[in-house]
Amino acid sequence: MSDSGIKEARKYLKEEWSQSENVGFFECNEQEQEAALLHRFAAAGAAIRYQNLHQRKTEEVLALDIALLGNDSDWVENLPSDIKSDLDLSLHYGHFMCHVFHHDYIFKKGTNLKEVKAKLLKRLDAKGAKYPAEHNVGHMYKADDILRKFYEDLDPTNTFNPGIGITNKKRCYGGP
């Protein structure tokens, strides 16, 4: 939160947020702000470190970068038993007040990660969530129609990054 948003956020947190049971907040001073930023990077590396230490019993980290709808108040993920039974560890962290979350999953050895990822993405689609939220689609996620059209307009011959957003890899996207 910065600039003109600070006063509004402070008012909301005092008058609304803090009225809920088991909820609170505090404002960071400059030193605490720096420490919080460092914790963000420590959290991001925790799943990778855990998997490295337990690689004999776990698969690779399955990381999802998710933007929930702005009015979605259901932030806590409740996985169904068919997914949860294969889960060894999950870590969730996010960006305050913007509905962007990082979910790192570590599944037990032998779990079909491609199948589990498809199930997780289907659940997110049903909620109207977008992914990836921050780091673009790369070659791992399907670009939605607006983004696909943007890529086609930007690179009509499909020369610079064929296949981005799971698009057609052929010259001119397979067209004339």
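All of the numbers you see were taken from the coordinates with simple rules; none came from a lab. If you're wondering where the values come from, they're calculated on a predicted model, not measured in any experiment. Here the Cβ is made from the backbone with ideal geometry for all residues, glycine too, and neighbour counts use every protein chain on show.
Per-structure values
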{"item": "Tilt relative to the chain, helix 145-154 - C-alpha long axis, 0 to 90 degrees, to 10", "result": "60"}
{"item": "Structure-derived volume of the Cα convex hull per residue in Å³ - corresponding label in [x] 154; [y] 118; [z] 181", "result": "[z]"}
{"item": "Distance between the range 37-85 and the range 96-175 - C-alpha centres, whole angstrom", "result": "18"}
{"item": "Unit charges on C-beta of K, R, D, E only; dipole of the chain, Debye", "result": "900"}
{"item": "Chymotrypsin sites (Phe, Trp or Tyr not before Pro) restricted to DSSP loop in the range 39-130 with at most 14 other C-beta within 10 Å", "result": "W75, F96"}
{"item": "Sorted largest first, extent of the range 28-76 alpha carbons per principal axis (Å)", "result": "42, 32, 14"}
{"item": "Helical contribution to [θ] at 222 nm, DSSP H n ≥ 4, -39,500 (n - 2.57), averaged over the chain, rounded to 500", "result": "-11500 deg cm²/dmol"}
{"item": "Loop-located GluC sites (Glu not before Pro) in the range 87-176, at most 15 other Cβ atoms within 10 Å (DSSP)", "result": "E134"}
{"item": "Size of charge dipole - the range 73-124 - debye, nearest 20, with Cβ of Lys, Arg +1 and Asp, Glu -1, no other charges", "result": "220"}
{"item": "Candidate aspartates and glutamates for bridging to K109, where Cα separation is under 19 Å - those fewer than 8 sequence places away on the same chain excluded", "result": "E59, E60, D82, D86, D88"}
